[in-house]
Amino acid sequence: MARPASPLPLHLGVDLSDAGAHPAAWRTHGSQAQRLFDAERLQHLVDTAQRGTLDLVVIDDSFSLQPSRFTTLRGRLDAALVAARLAPRSRGIGLVPTVATTHTEPFHVSKAIATIDHVSGGRAGWQLGWSADDQDATHFGRGPALSEAAAVAEAEEAVEVVSALWDSWEDDAEIRDEATHRYVDRAKLHYVEHDGVHFAVKGPSITPRPPQGQPPIVVRVGSDESFGLAARHADVVRISATSRDEALDLRLRLRAAAAAAGREPGDLRVLVDAFVVTGPDQDSARARLDLLTELEGVRWDTDSMTHVGTARELTDTFLHWWEIGAVDGFVVRPSSLHTDLDALVDGVVPMLRTARAFREHYNGPTLRDQLGLTHPVNRYAAIA
């Protein structure tokens, strides 16, 4: 099978939110619905994903109950706190919680993600969230909900502040010299001095620079505003695409927009959301989807790649999209986590390895290692 022109391997992530991507997943046999808020269940899922050397796991979050009207499942744990618990109990795999910038101060966000990065030894990512939801706004009572454009603009400024706070300690700022009683080199702590439209932050952070320098930022593209934000700031971009041509067009446009913003082409990883229902054969997979549809009584509208079939067929689809350069990889959205994650790890991953498209072992200790991203230079050290 022909390899793509790019030397980069295929990247794979999995979304561990809820019981799965289908709104009826929690009602299926084996879903362990009674354990949806059990940390050990999440630990088992991460262990499974790690066994397959997946790049990362994503844990969604929001300030309101599940936004979809198509599910009766309600409630979630705090994604950042979950990632912090999983951090010392995992190895190799990236932990990417969604943390919103609307109604949240950048100082808190920077400290939370930096903490996860320290506790995990450099495996944190940040899936950037924002809110234009009226219910979210009423939870905080500070004012009416923002428009989508305003929320994204605020999120972009928050990214700039958070990134500066991560750099406010140089990598070697900690001296820890008992003889001289010097714990830090104060010359290597820097004030951010940000005075913008939405935030005024002085800094420095109270948390040392993360092991990765800058934990990778993940942005989901769903609007023109989020497209621009992703091109300027994201390390990983999640897109929705129902065909290879659509994915290729989006990837090329993102890379062009990133280049126009002064970024290098290699700074960006574009991953397509892939909704999957797997089975030993087509009929079995279709029967699983029919059962899920019957349980919740709604049609599963995913607006992105949707696979109903075998692990072999899913592997071929992944390879076909990747080989033409339409994507750098996929974020798998299992219809039911308890069934489709095992199919991904034990079925798809071995076939991708046979095709020499996916790693046998983790490339290093950090998420940036898995994604092939370099360690970023500290902006303050660079100008010192």
To the nearest 10 degrees, the tilt of helix 311-323 (Cα long axis) against the first principal axis of the alpha carbons of the chain is 50 degrees
Over its alpha-carbon atoms, segment 94-243 yields an Rg and a Dmax in Å of 16.9, 63
Of all DSSP beta bridges having both residues in segment 80-233, the percent classed as antiparallel (nearest 5) is 45 percent
Counting only protein heavy atoms and leaving out ligands, DNA and RNA, the solvent-accessible surface of residue 290 at a 1.4 Å probe, in Å² to the nearest 10, equals 90 Å²
Candidates 210, 97, 88; GNM for the chain (alpha-carbon contacts under 10 Å) flags as most fluctuating 88
Rounded to whole angstroms and listed largest first, the alpha-carbon spread of segment 251-384 along its three principal axes comes to 62, 32, 27
Bounding extents of segment 192-314 in its principal axis frame from Cα atoms, largest first in Å, are 60, 32, 29
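Tell me the volume per residue, in Å³, of the convex hull enclosing the alpha carbons of segment 237-308.
98 Å³
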Expressed per residue, the solvent accessible area of the chain in Å² (1.4 Å probe) is about 44 Å²
Rounded to the nearest 5, the percent of antiparallel DSSP beta bridges in the chain equals 10 percent
Tilt, helix 244-260 to longest principal axis of the chain (alpha-carbon atoms), in degrees rounded to tens, equals 10 degrees
Filtering trypsin sites (Lys or Arg not before Pro) in segment 96-204 by DSSP loop and by at most 10 other Cβ atoms within 10 Å leaves 142
Rounded to the nearest 500, the 222 nm mean residue ellipticity computed for the chain from DSSP H runs (n ≥ 4, each -39500 (n - 2.57)) alone is -11000 deg cm²/dmol
One would report the Cα pair-distance distribution of the chain, bin width 20 Å, in %, as 28, 59, 13, 0
With +1 on the Cβ of every Lys and Arg and -1 on the Cβ of every Asp and Glu, the dipole magnitude of segment 287-341 about its Cα centre, in debye rounded to the nearest 20, is 100 debye
The size of the Cβ-based charge dipole (Lys, Arg +1; Asp, Glu -1) of segment 171-212 about the Cα centre, to the nearest 20 debye, is 80 debye
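The values are calculated or read from the model by the stated rules, or taken from the named source; none is laboratory data. No experiment lies behind these values; they were computed from the predicted model shown. Cβ atoms come from the backbone with ideal geometry, glycine included; neighbour counts cover every protein chain shown. Note: accessible area is taken over every heavy atom of the protein model, side chains too, but ligands, DNA and RNA are not part of it. Shrake-Rupley method; radii C 1.70, N 1.55, O 1.52, S 1.80 Å.
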